[in-house]
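Working notes, structure below.
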C-alpha cells in the first residue's frame, strides 16, 4: 500500500513569513483551460525563500505547441486508465501528435495515473505518482514512491521551497509558488506554479536547462473592453454583478472545475445569482452578442 510521508523541509521559516500563497484543490485550473507552450534558454533558479523575484523577461521564447486541460472521457486513451482518471493534460507539440497525462484529482492530492500517452506508447501507473498535495504550504515537503505497469518504479521528493513574483516575457505573475522536485537518481526540476489558478507557468530541469512557459489563451480573452470588465463581489455569496462591458451580453455560464456547466443565464443582464452552488472556484464564461467570449474566475462562498 502506498504511504505518503509529510514533513517540514529543513528551512528556517520565521513566523512573520507565514502570509504566503498556498496551493489549494479549489483553485485548480478548470477543464477547458488552454495555454500556449514555449521553450527558451537556460535560467538560474535562484535561492529558496520568501518574497523572491524571478525576472525571466529577457529569455527569448519560441512557440512549441499548445496545452489544454480536458475531460478524460473525450480522449483516445481513457479506456486504458479503467475509469480512474477525472482530469487530463493534453499537449500538442508543433508538428507532432497530441500526448496525454491522466490524473485522479482528489481533494487532498493530484495523482498521476498515466503519462505521455500517445499512439506510440506511454506509461500507466499501478501505484500512482503524487504530483501535488493539497493544501501545499511554504516550507513543506513530501516523499512518494510510485510504480508502473512495465515494472518500472521510483521515488520522488517535492518541496515548496520559495514563493514570490515571476516576470515572464508575456506578463508578471504575483503569488507564484516554486516547487523543487528531486527523483531517486538525483535528477531535479524546478517548477513555478500560479497559485490563484493552479497551473504550471515555467519549469527548468538539470538535463536540458530549458524553460517552459504557459501564456494564458483560454482565460480573459474577448472584446476590446475585456480589460475593464470585472465581477463584484468576488468571492460571491448571493448576487454577483458585472461591470465594465459596453457590448450586449448574449448569455452567461458558470462552470465548475470538472468542466460542467452548473448555471446558464440568457439575455443581456448585468449580474447573476450563485445561490445553490457548492462553495469553490468557478469559471464565468460570458458570450457577447458579437460571439466573442470573456472568461473570468469566481469564488463562491
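For the structure I just gave you, tell me whether residue 181 is outside any loop (DSSP other than H, G, I, E, B), out of contact with any helix residue (DSSP H, G or I) (no Cβ under 9 Å at 6 or more places or on another chain), exposed (fewer than 15 other Cβ atoms within 10 Å of the Cβ) and modelled with pLDDT of 80 or more. For residue 181, the condition - outside any loop (DSSP other than H, G, I, E, B), out of contact with any helix residue (DSSP H, G or I) (no Cβ under 9 Å at 6 or more places or on another chain), exposed (fewer than 15 other Cβ atoms within 10 Å of the Cβ) and modelled with pLDDT of 80 or more - is not met. Checking each residue in segment 242-268 for being without any contact (Cβ under 8 Å) to a residue 40 or more places away in the chain, surrounded by fewer than 12 Cβ atoms within 10 Å (Cβ to Cβ) and in contact with a strand residue (DSSP E or B) (Cβ under 9 Å, 6 or more places away or on another chain) picks out 243, 261, 266, 267.
Among the residues in segment 225-236, are any assigned to a loop (DSSP other than H, G, I, E, B), surrounded by 12 or more Cβ atoms within 10 Å (Cβ to Cβ) and modelled with pLDDT under 85? Yes, some residue in segment 225-236 is assigned to a loop (DSSP other than H, G, I, E, B), surrounded by 12 or more Cβ atoms within 10 Å (Cβ to Cβ) and modelled with pLDDT under 85. Could you tell me whether any residue of segment 247-255 is modelled with pLDDT under 90, touching a helix residue (DSSP H, G or I) at 6+ places or on another chain (Cβ under 8 Å), over 22 Å from residue 36 (Cα atoms) and outside any strand (DSSP E or B)? Checking segment 247-255: at least one residue is modelled with pLDDT under 90, touching a helix residue (DSSP H, G or I) at 6+ places or on another chain (Cβ under 8 Å), over 22 Å from residue 36 (Cα atoms) and outside any strand (DSSP E or B).
The values are calculated or read from the model by the stated rules, or taken from the named source; none is laboratory data. Quick caveat, the model's predicted, so the values are computed rather than measured. Cβ: placed from backbone, ideal geometry, glycine included. Neighbour counts: every protein chain shown.
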